[in-house]
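Every number in this text was worked out from the coordinates using simple rules, so none of it is lab data. In this text the structure is predicted, and so the values were computed from the model without any measurement. We place every Cβ from the backbone using ideal geometry, glycine too, and count neighbours over all the protein chains shown.
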Amino acid sequence: MNLFSKHETRRRLLRGMQDADLLPTLVGRWFQSPLGEKVLNAERDITQPLIERLFGYHILQIGCNEEYSLIDHSPVGHKIIFAPTWRPGSRYPVADNEELPLATDSMDVVVVHHALDFTEDSHRLLREATRVLRPGGQMLIVGFNPISHWGFWKLFKRRTTIPWRGRFISKRRLTDWLQLLNLHIEELHHGLHFLPLSMGSLLKHANSLERFGARTGSPFGGAYVYQCVKQVVPITPIVPRWRPLRARPAVIPAAENARVKIH
């Protein structure tokens, strides 16, 4: 059951009130819509083959709504998903995506599902995700691509609705952030090659458009999926620079050299 009616939701957003607690509900409601369901299915089709070949002990998903998982088919045994905020009926533990209650270098795989698009400080969230990822661990980042039909459509949509209120971080900026955090890009995939319209007559062609976009390798899909590995920073040992000692001239005691002549 929704916590707020549509009219109450719109009124709160238009008044500029803090709606961090409301965001998970808005995202979940959009994923239940015909367009949002197509988006989620298309992203799962891309990420599932990638996640199935990533192994380890712990996998973490960071997202905006804990009910929509991309890691169900992961071979990793311990799966962790936090709820961004407490909601009635939720069975997930609550944690701030930008301050995770996890030890440094503790996760083998981290999946960031549109969390960078819907946060106040995207770079901070990415740093936190990198902190908990162990050296050599894998990270998948799913985000909206501004250089696409979806990015163009965003220019004409109201910024108070999902997904158009998202940041849509450019691939160039995200690549710069990844390099700064020593995250090496291994693969880059694109999805959402269909138009962002909820018309049933168009959505029924979404699957065929996805296959066409994947076959042609089009970089203009509405979403990108980065696969990165956390590089191990080499530690250069600090060797002390000792000054060479000058060799002392051999000094032989005079008593040893003196010869005593006995008469």
Check: Measuring from centroid to centroid over Cα atoms, what is the spacing of the stretch 143-221 and the stretch 68-121 in Å?
Finding: 22 Å
Notebook entry, point to check: What fraction, in whole percent, of alpha-carbon pairs in the stretch 138-200 exceed 17 Å separation?
Noted result: 48 percent
Check: For the stretch 92-135, what is the per residue volume of the convex hull drawn over the alpha-carbon atoms, in cubic angstrom?
Finding: 81 Å³
Next item on the list: Report the trypsin sites (Lys or Arg not before Pro) located in the stretch 58-149 that are in a DSSP loop and have at most 14 other Cβ atoms inside 10 Å of their Cβ, or state none.
Entry: Arg91
Check: Among the listed pairs Lys38/Lys171; Lys171/Lys230; Lys38/Lys154; Lys154/Lys230; Lys38/Lys230, which are separated by more than 25 Å between their Cα atoms?
Finding: Lys154/Lys230; Lys38/Lys230
Next item on the list: Using only alpha carbons, build the gyration tensor for the stretch 72-181 and give me the equivalent ellipsoid semi-axes, biggest first, whole Å.
Entry: 26, 19, 13
Check: Between Gly137 and residues 5 or more places away or on another chain, which pairs have amide H atoms under 5 Å apart, with H built 1.01 Å from N, and which residues are they?
Finding: Lys230
Notebook entry, point to check: Cβ under 10 Å from Leu192's Cβ, Leu192 left aside: what net charge do those residues give with Lys, Arg +1 and Asp, Glu -1?
Noted result: -1
Checklist line | Selection of chymotrypsin sites (Phe, Trp or Tyr not before Pro), the stretch 141-188, meeting DSSP coil and at most 15 other Cβ within 10 Å | finding: Phe156
